[in-house]
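The values are calculated or read from the model by the stated rules, or taken from the named source; none is laboratory data. Values in this document were obtained by computation on a predicted structure and should not be read as measured data. Cβ placement follows ideal geometry from the backbone for every residue including glycine, while neighbour counts extend to all protein chains displayed. Heavy atoms of the whole protein, side chains included, go into the accessibility calculation; ligands, DNA and RNA do not. Shrake-Rupley method; radii C 1.70, N 1.55, O 1.52, S 1.80 Å.
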Amino acid sequence: TDLHPLDILSEVVPAGRLARGMRVFQVQGVHGFQLAASPPRALGFPASRLFIHCDRFPEEFSIIVTLRVLSIPAKRNEYIFTLMAEETLSVLVGLRYAPDNLHFLFWTQEHAGGWQTRITFPNVSLSDNQWHTLVLAPPADAMKLSPASSLPVRRVGETPFPASLLVKRASFYLGNRRRRKGAFTGLLRQLVLLPGADATPRICNAVNFKVATLSVPTVLQDLPAKPASNEVLKYPYETDTKVTLGSRPPCTKQEKAQFWFNASRRGLYLCNGSAWISMLEVKERLDYVEEYQNLVTNSETMGVEVFTIPKVGLFAATANRHTPPGSAIYKWTEGKFVPYQNIPTYQAQSWKYFTIGKKIFLAVANFEQNERGQEFSVIYKWSRRKEKFITYQRITTHSARDWEAFVIEGEAFLAVVNHREGNNHNIDSVIYRWNPRTGLFETNQTIPTSGAYDWEFFTIGPYSFLAVANTFNGTSTRIYSHIYIWLSGSFQLFQSILTFGAADWEVFRIGDRVFLAVANSHSYDSGMPAPSNFYAINSSIYELNITAQMFVKFQDVLTYSALDWEFFSMGDDSFLVVANSFDGFTFSVNSIIYRWQGYEGFVAAHHLPTVGCRDWEAFHTAEGSYLLYSSAKEPLSKVLKLKTT
């Protein structure tokens, strides 16, 4: 019990000299060795350097190891350390890791020869990007593994650890078994042999048990955060810093201290564990808009959806009027959208992209019946093998206009807007809930709607809301659209707002203020005198009043049969672009980009010539920022590039 810990790891770095290929990494504020690039023999040393007075391995001992494991393939094994006889390939003592399993190896010798014994500890999962400290100790009749963060695991083997294991002319090897195959790819911080004692109480009572220390090489203890003045670091080391390119990645505790470089905005951001903090950013300002691409479509386009499939690319799905040829999906290739896949649709109105776990879906809202007189809207699923969307589920709908996908309390929902059934516009729209057991969407709730065009889901703090744009009740477009709130497992009416042929809701935030904009398409009431122009009417922007607990009107904007709002931002500036479709005389109408100017509200900044504009989508790539608009009056949509200063 008075024997000192034998620091196996320190023997590989005598006087702080790193072996060839060894590197020091800092991860989560803790330093460790990366060994995978070193030649196997460079990480070895004779056992006699530890066993000075005796050439036999102790019968009672503890092995303490602190490590950080990388994710490895299912059938791969990696050696944390081995003790091997020089004249053979036999592993006298060793520790090996496989996914979810830890194997302790030792050699049993008899007069007629010997054999390898393996004791396996199952369900030891270490591949979580965290540091772990393990204590391995043999009781009298078994082996015990003590992960520092959980209860010890005891395994009884058929063969006990030998009372007298000869280690003469044997050598220790760190992270390998004297060859590259099976080399340890993770980080190793501590590897200690404690003869004659169980180290579990000493390790597991430490304040930070995941990196509890019995003996750690000096190289890993004394690394300064940065050198003083012109002084160089005593030991070269690297931090496990990752810089992500592309669209905004998640920022959680797992990504803490990682960087994200937004090439389109030329900004560098640091994850603090919950949000991306700007470290360096060139504040862009919108200067002007230029025509970038004429996108020839299968027919007139009622709606467009831009989305990104991870590791595949950026896509745009157009909802086209005519069948055949149906609707199309385009892929962003070499800076342009090019045709990728055609899908049969029936006067498609819109697409909705969404994910459930690792599953990727795209739902189309069909307005008409198919050739058999059936009226379905269809959910398509992305096939990773075929790299295209394939039919997944058909849902009966009635002149469907829009889908909205959302998640509440971990459950996935999909809501469809039913516009009319025959000549009856006052029908139910339906909210479907995902059933993970059947893998299908099932009816969860119906909500009465009137000639509805659009759903918009949003959250404010812990509350979830769903707004419907009611357009026509059979006699008038001057009707109420409704906002619903999720309470006690269903949506309940929260607020009603008078609208005029509402075609779209758009929710957006500027700072800590929450806004909701409605696109009013036309004013018609069979019981009222006809206005001078049905289509030149105000669309309205509402702001949430926390005190009143309701949305109140913030600003009216004159629009011309507005069918869509799209919010986007550039640098510190916020914008709204409206889809003006018809002014009462022509479909060639300017759609307008409005800039947020604080106290003045939204002020017209750019007038964009459009033809029957139906939908806007804003998107970003590494090359810059863009707007895509769809035309409901010609088979041509346009990509516009936002030029900045």
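Tell me, which residue of the stretch 86-101 that is modelled with pLDDT under 90 and of a type in the set (A, V, I, L, M) is most open to solvent (accessible area, probe 1.4 Å)? Steps first, please.
Let us first name the residues in the stretch 86-101 that are modelled with pLDDT under 90, namely 86-90, 98-101.
Still in the list and also of a type in the set (A, V, I, L, M): 89, 98.
Values: LEU89: 142, ALA98: 10 Å².
Here the answer is LEU89.
Just checking, how many residues over the stretch 470-500 are touching a residue at least 12 places away in the same chain (Cβ under 8 Å), of a type in the set (Gly, Ala, Ser) and more than 17 Å from ASN426 (Cβ to Cβ)? Working first, answer last.
Step one: filter the stretch 470-500 for residues touching a residue at least 12 places away in the same chain (Cβ under 8 Å), giving 470-486, 490-491, 494-500.
When the remaining residues are screened for being of a type in the set (Gly, Ala, Ser), the result is 474, 476, 481, 490, 496.
Add one more test, that the residue is more than 17 Å from ASN426 (Cβ to Cβ), and what stays is 490.
Total meeting the criteria: 1.
For residues that are assigned to a strand (DSSP E or B) and among the β-branched types (Val, Ile, Thr), scanning just the stretch 386-409, find the one that is farthest from the chain's Cα centre (by Cα).
If we filter the stretch 386-409 for residues that are assigned to a strand (DSSP E or B), which is where we start, we get 388-396, 400-408.
Next, from what is left, pick out any that are among the β-branched types (Val, Ile, Thr): 390-391, 395-396, 407-408.
Values: ILE390: 23, THR391: 25, ILE395: 28, THR396: 32, VAL407: 15, ILE408: 17 Å.
This residue is THR396.
What strands (runs of 3 or more DSSP E) lie completely within the stretch 490-608 and have 2 or more residues being over 30 Å from ALA412 (Cβ atoms)?
Working: elements: 490-500, 502-510, 513-520, 536-545, 550-560, 562-570, 573-580, 588-596.
Once the strands (runs of 3 or more DSSP E) in the stretch 490-608 are filtered for at least 2 residues that are over 30 Å from ALA412 (Cβ atoms), what remains is 490-500, 536-545, 550-560, 562-570, 573-580, 588-596.
Given the condition surrounded by 22 or more Cβ atoms within 10 Å (Cβ to Cβ), within 14 Å of ILE356 (Cα to Cα) and modelled with pLDDT of 95 or more, answer yes or no: does some residue in the stretch 409-420 qualify?
For the stretch 409-420, residues surrounded by 22 or more Cβ atoms within 10 Å (Cβ to Cβ), within 14 Å of ILE356 (Cα to Cα) and modelled with pLDDT of 95 or more: present.
Return the pair list, or none, for Cβ contacts closer than 8 Å from residues in the stretch 279-291 that are open to solvent by 70 Å² or more (accessible area, probe 1.4 Å) to residues that are modelled with pLDDT of 75 or more and in a loop (DSSP other than H, G, I, E, B), at least 6 apart or on different chains.
LYS283/GLY571; LYS283/ASP572; ARG285/GLY571; ARG285/THR645; ASP287/THR645
Quick check, is SER229 among the hydroxyl-bearing types (Ser, Thr, Tyr), open to solvent by 70 Å² or more (accessible area, probe 1.4 Å) and modelled with pLDDT of 75 or more?
Details: among the hydroxyl-bearing types (Ser, Thr, Tyr): yes; open to solvent by 70 Å² or more (accessible area, probe 1.4 Å): yes; modelled with pLDDT of 75 or more: no.
When the stated conditions are applied, SER229 does not pass them.
From the list ALA452, ALA503, ALA467, ALA517, exactly one residue is closer than 18 Å to ASP402 by Cα, in contact (Cβ under 8 Å) with a residue 60 or more places away in the chain and either in the same structural domain as ALA536 (by the TED database) or hydroxyl-bearing (Ser, Thr, Tyr) (or both). Which is it?
Numbers: ALA452 fails: in contact (Cβ under 8 Å) with a residue 60 or more places away in the chain; ALA467 fails: in contact (Cβ under 8 Å) with a residue 60 or more places away in the chain; ALA517 fails: in contact (Cβ under 8 Å) with a residue 60 or more places away in the chain.
Among ALA452, ALA503, ALA467, ALA517, only ALA503 is closer than 18 Å to ASP402 by Cα, in contact (Cβ under 8 Å) with a residue 60 or more places away in the chain and either in the same structural domain as ALA536 (by the TED database) or hydroxyl-bearing (Ser, Thr, Tyr) (or both).
Considering every residue within the stretch 320-332, establish whether at least one is modelled with pLDDT of 95 or more, in the same structural domain as ASN473 (by the TED database) and loosely packed, with under 15 Cβ neighbours inside 10 Å.
no
Keeping to the stretch 353-411, report how many residues are of a type in the set (A, V, I, L, M, F, W, C) and either touching a Pro at 6+ places or on another chain (Cβ under 8 Å) or over 23 Å from ILE309 (Cβ atoms) (or both). Show your work before the answer.
Going through the stretch 353-411, the residues of a type in the set (A, V, I, L, M, F, W, C) turn out to be 354, 356, 360-365, 367, 376, 378-379, 382, 389-390, 395, 400, 403, 405-408.
After this cut, where a residue has to be either touching a Pro at 6+ places or on another chain (Cβ under 8 Å) or over 23 Å from ILE309 (Cβ atoms) (or both) as well, the list is 367, 376, 400, 408.
So the answer is 4.
Working only within the stretch 265-311, note down all residues that are modelled with pLDDT under 95, touching a Ser or Thr at 6+ places or on another chain (Cβ under 8 Å) and polar (S, T, N, Q).
SER274
PHE361 versus (1) open to solvent by less than 10 Å² (accessible area, probe 1.4 Å); (2) in contact (Cβ under 8 Å) with a residue 60 or more places away in the chain; (3) not small (Gly, Ala, Ser): which is the lone unmet condition?
Of (1) open to solvent by less than 10 Å² (accessible area, probe 1.4 Å); (2) in contact (Cβ under 8 Å) with a residue 60 or more places away in the chain; (3) not small (Gly, Ala, Ser), only one is false for PHE361: (2).
Please verify whether GLU456 is within 33 Å of the chain's Cα centre (by Cα), open to solvent by 20 Å² or more (accessible area, probe 1.4 Å) and closer than 30 Å to GLY527 by Cβ, treating the condition exactly as stated.
Details: within 33 Å of the chain's Cα centre (by Cα): yes; open to solvent by 20 Å² or more (accessible area, probe 1.4 Å): yes; closer than 30 Å to GLY527 by Cβ: yes.
So GLU456 fits the description; yes.
What strands (runs of 3 or more DSSP E) completely inside the stretch 11-111 contain at least 1 residues that are touching a strand residue (DSSP E or B) at 6+ places or on another chain (Cβ under 6 Å) and in contact (Cβ under 8 Å) with a residue 60 or more places away in the chain? So that I can check it myself, show each step before the final result.
Details: elements: 23-27, 30-34, 44-46, 61-68, 78-85, 91-98, 101-110.
Hits in the stretch 11-111: 23-27, 30-34, 44-46, 61-68, 78-85, 91-98.
Read through the list (1) under 34 Å from the mean Cα position of the chain (by Cα); (2) surrounded by fewer than 21 Cβ atoms within 10 Å (Cβ to Cβ); (3) not polar (S, T, N, Q), then give the number of the only condition that TYR480 fails.
Failing condition for TYR480: (1).
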